[in-house]
1. Angle check, please: helix 169-178 long axis (alpha carbons) against the longest principal axis of the chain (alpha carbons), in degrees 0 to 90, nearest 10.
2. Once you have all Cα-Cα distances for the range 158-215, histogram them in 5 Å bins from zero and send the whole-percent values.
3. Give the long-range amide H neighbours of T76: residues separated by 5 or more places, or on another chain, with amide H under 5 Å away, using H modelled in the peptide plane at 1.01 Å from N.
4. Quick one: P(r) of the range 102-223 from all Cα-Cα pairs, 10 Å bins, percents rounded to integers, in order of increasing distance.
5. Sticking to Cα atoms, compute the Rg of the range 35-120 to one decimal and its Dmax as the biggest Cα-Cα distance, whole number, in Å.
6. Quote the charge dipole size of the range 164-223 about the Cα centre in Debye, to the nearest 20; the model charges only the Cβ of Lys and Arg (+1) and of Asp and Glu (-1).
7. Helix 2-23 sits at what angle to the longest principal axis of the chain, using alpha carbons and giving 0 to 90 degrees rounded to 10?
8. Each residue of the range 69-79 in turn: what ³J(HN,Hα) in whole Hz from Karplus with 6.51, -1.76, 1.60 and θ = phi - 60°, glycine and Pro shown as x?
Amino acid sequence: YKLFTIMKSYKASDDYYDSVDKTLSVDEDEYESAGFVWNYDKLLEMCSDAVGYIYQKGVMSYPIVQAEDNDKYLRTLMNGEYNVGGTIFVDARFPMGMEGKYSIVYGHNMYNSSMFGTLPNYTDKEYCLEHPYFDIYIGYRHYRYYVFSAFVADADGFVYTFDLEDGEYKAFYDRLRASGSYETDVRELTEDDHVIVLSTCVNWHDYAYRNVVCLVRGEEISD
């Protein structure tokens, strides 16, 4: 019964986010050919807490929200319905959200690889080489973010820092990179870069650790 309930919840989550994708397509009736198109105004109509979107072709396609606390969307879909998959969200302790120089975005590590269920794959360098970037939409803008580090982090470790000040970012980014499980060919980061860390539970469900994938903002893309 518990397994049935979990799988039913997974399907409800998948169906809901598929419907969001279709709403953001050029033409819902021709979704397969039209594909995903970013429309922030449409997303705001669905949820006033929406701040962006994370997209990897063939891998993930989800809205991102930010609320006044980190509990609101932990087990709640963007439409307010309870679901174990929740919604991908920016940590509430970052007042500038993803527009700040550093922010953390959370998502569940789902058994069916939905939400952030593919992030643990980044412990493998070959996977990173095959999936080196994410398209992240912030407000009305579309950026390409590149993976510069991935590793298993302590849940209460330095990654989860919320009070960086000007002059501290470069050393912090260097520490993120040095912690990586392997080297990447992404350029050296600077004090002025914008970094997003994607965070999810590890596959063995030891809550003392998290899989993290560190991204740096690259080019802005005109859609």
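1. 80
2. Pairs per bin, as whole percents: 4, 15, 28, 24, 15, 9, 4, 0.
3. It is N83, G86, T87, by chain and number.
4. 13, 46, 35, 6, 0
5. For the range 35-120, the Cα radius of gyration and maximum Cα-Cα distance read 12.5, 34 Å.
6. Values: 6 positive and 14 negative charges, 82 e Å.
Here the size comes out at about 400 debye.
7. 90
8. 8, 8, 9, 4, 10, 4, 10, 9, 5, 4, 8
The values are calculated or read from the model by the stated rules, or taken from the named source; none is laboratory data. Fair warning: this is a prediction, and the values are worked out from it, not measured in the lab. So basically every Cβ, Gly included, is an ideal-geometry build from the backbone, and we count neighbours across all protein chains shown. SASA here: full protein model, heavy atoms, side chains in, ligands and nucleic acids out. Shrake-Rupley method; radii C 1.70, N 1.55, O 1.52, S 1.80 Å.
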